[in-house]
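Q: Take a look at the following structure, please.
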Amino acid sequence: MWFAVKKDFKMFLNRLRDSTLFVIIQIVCLAYSLFVLIPVLWSFTSSFRVSVEFFTNPFGLPSTWKYENFIYAWKQGNVAIYFRNSVFITTVCVVIIILLSAMASFALSRLKFPGRITALFLFISGLFIPAALLLLPLFLMLQDLHVLGSYAGLIPVYVAYSFPFTVFVLVPFFNVIPPDLEEAAFLDGASYHQIFWRIMIPLAKPGLIVATIFNIFGIWNEFVLGYVLISKKNLKTIPLGLADILMKQHYTADYGKLFAAIVIALAPVIIIYLLFQRKLTGRLLEGAIKE
Amino acid sequence: MKRPNSPGKIVAFFLAPALFIYVAFVMYPLFKVFRLCLFRWHGVKRGTEEFIGLNNFVKLAKDPIFWRALSNNVILFVFVIVVSVGAALFFSYILARRIRGNRFYRATWLFPNMLGDVIVATIWLFIYHPTIGMLNYFMKLIGINIGAVPWLGQANTALIAVTMPMIWKFTGLYIILFLAAMQEIPQSYLDAARIDGASSWQEFFNVVLPLIRPTVAVAVVFLMWNSFSVIFTYVKLLTEGGPHRSTEVLPTYIYQVGFEYHEFGYGAAISVAAFILIFAMAAFILRFLMERVVRGEKGF
């Protein structure tokens, strides 16, 4: 009899322990989520705040919602220009990066030629060459080429520094495509170009999508290279423009407009994130075909 | 089946454009920085470079700011790695258990990773604000009354304060990466551990962690690679290297030496010192990365 009671008691303890653990884990997870979300939500509400309210009521909801912050940021704050520049630079760079990386990854993965491993090594070793340590020679080089401070200089630099990561992501996706497919295509008389566009690109699509998303975020948010290579106001991208506004607002304390500019910069990122969130939070960089 | 070599024209067509841009804008500047470090040059007029051999490195060895920047750089990097990888292991293991709210947590935690460094730095600049900042307000709220602490403005808190936004941003990405690796682990391994009576701790340290170690290694490499640009952005926007060089790091010091003091040769020497450090660490990791790419494993 006492034995059964003891067993029940033990089960009760176990269940208690499990449910306490469950509650603790949920509290920890929620706390972390708040840690992530509160600063973001605060930025959103702050973009509608009258600047004086940053000092009188920094954490509550704004007493009056000042939509004019956005209009001001967009027009007088030059965010319209920065935004247009960023859309242009991001589009051009990502298209070039993905096209050239896919071609190179195809060659490095599926073609057979002497020096293949060396070339692959050259690209992958770029993962250890941070652009931030090459600011001086890059600056001098673009100066010598007379493209310093222009997009003709910025675009190839952005493209070049995106190759190592993109190739590193894409090559494995090409590797796992079964060789029978291209051999069959060869026998049917398909050219290399047809094989690339008709077989390789469709099968490597999951990898291409992930690489595209990462590159969009990477270029849209890039700061260091742009900061050194671009100085004209009408050529600045969103991060450069925001840094400008930030440094200026230190003196004028016009914080509401600063956060309006931030929210505008965030909008496309949030839209893309919501669209592709499932893809990104799922199995991130999975090969096209299971081995 | 042994295939013959592909036609050279085809190889060139697919490979050459990327290779050319890459060599011209990544490899050539790398070569150039190794050459530039042997000269004294103010960086304006071409042809006025003065060859001084290794003198820049002699100067470097005696430059206290360089050593300060180097140690700050290492401290920053190690701190960010330990905290964000540690936290990510913890949270990804929780998510791997498919707790309630799984999908919400994943989407929320990854989100800051999509924000640009400039935006994250700006937000944290306000969190740290002495009078209107959230951090001091929160401290007061939980009963720690320390007044208007200028987190970024005093030497003993500035460096750690600079790491927090990076941890805030990067942890989510690691959670997703580690989670993906954990989900690859065959259920039978975990069942076997359970049958043998392993606790969650034992399961994590003896089964899960050894199996996802390659992913952790790759994650660390990417952080290392990214860290110089990232660190530059945060230090530049949050503290400008101050107060009193307490947050000076290598890339900000290179920037200052080159573009503000106009000592291009000396700036290049600092870059080279950083590269030697990186290559020493990279040597064995690189071989491991190559194996993954050549054998055709997934990127992470």
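The values are calculated or read from the model by the stated rules, or taken from the named source; none is laboratory data. Because the structure is predicted, anything quoted here is derived from the model rather than measured. We place every Cβ from the backbone using ideal geometry, glycine too, and count neighbours over all the protein chains shown.
Q: Consider B:THR157 carefully, then state whether it is of a type in the set (Val, Ile, Thr) and in contact (Cβ under 8 Å) with a residue 40 or more places away in the chain. First the steps, then the outcome.
A: On the way: of a type in the set (Val, Ile, Thr): yes; in contact (Cβ under 8 Å) with a residue 40 or more places away in the chain: no.
Spelling it out, it is not the case that B:THR157 is of a type in the set (Val, Ile, Thr) and in contact (Cβ under 8 Å) with a residue 40 or more places away in the chain.
Q: Ok, one more. For segment B:114-136, name all the residues that are over 24 Å from the mean Cα position of the chain (by Cα) and at pLDDT 85 or above. Write out each step before concluding.
A: Of the residues in segment B:114-136, the ones over 24 Å from the mean Cα position of the chain (by Cα) are B:129-136.
B:HIS129, B:LEU135, listed by residue number.
Q: Now a separate question. Kindly provide the set of residues from segment B:137-179 that are basic (Lys, Arg) and either at positive phi or at pLDDT 90 or above (or both), ordered by number.
A: The answer is B:LYS169, and nothing else.
Q: Quick check on segment B:109-119: of everything there that is without any contact (Cβ under 8 Å) to a residue 60 or more places away in the chain and closer than 27 Å to A:GLN26 by Cβ, which residue is farthest from the other protein chains (Cβ to nearest Cβ)? Reasoning before the result, please.
A: Keep residues of segment B:109-119 that are without any contact (Cβ under 8 Å) to a residue 60 or more places away in the chain, which gives B:114-116, B:119.
Now drop any that are not closer than 27 Å to A:GLN26 by Cβ, which leaves B:114-115.
Details: B:MET114: 5, B:LEU115: 7 Å.
So the residue we want is B:LEU115.
Q: Would you pick out the residues in segment B:94-134 that are over 27 Å from A:ALA261 (Cα atoms) and among the hydroxyl-bearing types (Ser, Thr, Tyr)?
A: Matches in segment B:94-134: B:TYR105 only.
Q: Just to be sure I understand, how many residues within segment B:166-214 are of a type in the set (D, E, K, R), away from chain A (no Cβ under 13 Å) and either in contact (Cβ under 8 Å) with a residue 24 or more places away in the chain or in contact with a Leu (Cβ under 7 Å, 6 or more places away or on another chain) (or both)?
A: Step one: filter segment B:166-214 for residues of a type in the set (D, E, K, R), giving B:169, B:184, B:191, B:194, B:196, B:203, B:213.
Subset that is away from chain A (no Cβ under 13 Å): B:191, B:194, B:196, B:203, B:213.
So of that shortlist, the ones also either in contact (Cβ under 8 Å) with a residue 24 or more places away in the chain or in contact with a Leu (Cβ under 7 Å, 6 or more places away or on another chain) (or both) come out as B:203.
Total satisfying the criteria: 1.
Q: Based on what the data block shows, is B:ALA61 modelled with pLDDT under 90 and either among the small types (Gly, Ala, Ser) or within 28 Å of A:TRP220 (Cα to Cα) (or both)? Lay out the reasoning, then the answer.
A: Details: modelled with pLDDT under 90: no; either among the small types (Gly, Ala, Ser) or within 28 Å of A:TRP220 (Cα to Cα) (or both): yes.
No.
Q: Okay, moving on. Could you pull out every one of the helices (runs of 4 or more DSSP H) wholly within segment B:1-99 that has 3 or more residues that are of a type outside the set (A, V, I, L, M, F, W, C) and surrounded by 18 or more Cβ atoms within 10 Å (Cβ to Cβ)? Let's see the steps before the verdict.
A: Values: elements: B:8-22, B:28-36, B:55-61, B:64-96.
Per the criteria, B:64-96.
Q: In segment A:88-102, is there at least one residue being under 26 Å from the mean Cα position of the chain (by Cα), over 21 Å from A:LYS257 (Cα atoms), at pLDDT 90 or above and small (Gly, Ala, Ser)?
A: Filtering segment A:88-102 down to residues under 26 Å from the mean Cα position of the chain (by Cα) leaves A:88-102.
Filter once more, keeping what is over 21 Å from A:LYS257 (Cα atoms): A:88-102.
Still in the running and at pLDDT 90 or above: A:88-102.
Then keep just the ones that are small (Gly, Ala, Ser); that gives A:101-102.
There is at least one residue in segment A:88-102 that is under 26 Å from the mean Cα position of the chain (by Cα), over 21 Å from A:LYS257 (Cα atoms), at pLDDT 90 or above and small (Gly, Ala, Ser).
Q: Oh, and also: So which residues in segment B:249-288 are closer than 21 Å to B:PHE79 by Cα, more than 10 Å from chain A (Cβ to nearest Cβ) and surrounded by 23 or more Cβ atoms within 10 Å (Cβ to Cβ), if there are any at all?
A: If the condition is that a residue be closer than 21 Å to B:PHE79 by Cα, more than 10 Å from chain A (Cβ to nearest Cβ) and surrounded by 23 or more Cβ atoms within 10 Å (Cβ to Cβ), then B:TYR253 is the only one that fits.
Q: Exactly one of (1) crowded, with 18+ Cβ neighbours inside 10 Å; (2) out of contact with any Pro (no Cβ under 7 Å at 6 or more places or on another chain); (3) without any contact (Cβ under 8 Å) to a residue 40 or more places away in the chain is unmet by A:ALA80. Its number?
A: Condition not satisfied by A:ALA80: (1).
Q: So which residues in segment B:41-63 are without any contact (Cβ under 8 Å) to a residue 24 or more places away in the chain and out of contact with any strand residue (DSSP E or B) (no Cβ under 7 Å at 6 or more places or on another chain), if there are any at all?
A: B:LYS45, B:ARG46, B:GLY47, B:THR48, B:GLY53, B:LEU54, B:ASN55, B:VAL58, B:ALA61, B:LYS62, B:ASP63
Q: Scan segment A:10-17 and tell me whether some residue there is within 26 Å of B:TYR128 (Cβ to Cβ) and of a type outside the set (Asp, Glu). So that I can check it myself, show each step before the final result.
A: Looking only at segment A:10-17, we keep the residues that are within 26 Å of B:TYR128 (Cβ to Cβ), and these are none.
No, segment A:10-17 has no match at all.
Q: Which pairs do you get when a residue that is under 20 Å from B:ALA88 (Cα atoms), found in segment A:5-33, comes within reach of a residue that is surrounded by 10 or more Cβ atoms within 10 Å (Cβ to Cβ) and modelled with pLDDT under 75, reach meaning Cβ atoms under 9 angstrom, with the pair 6+ apart or on two chains?
A: Correct list of pairs: empty, since none qualify.
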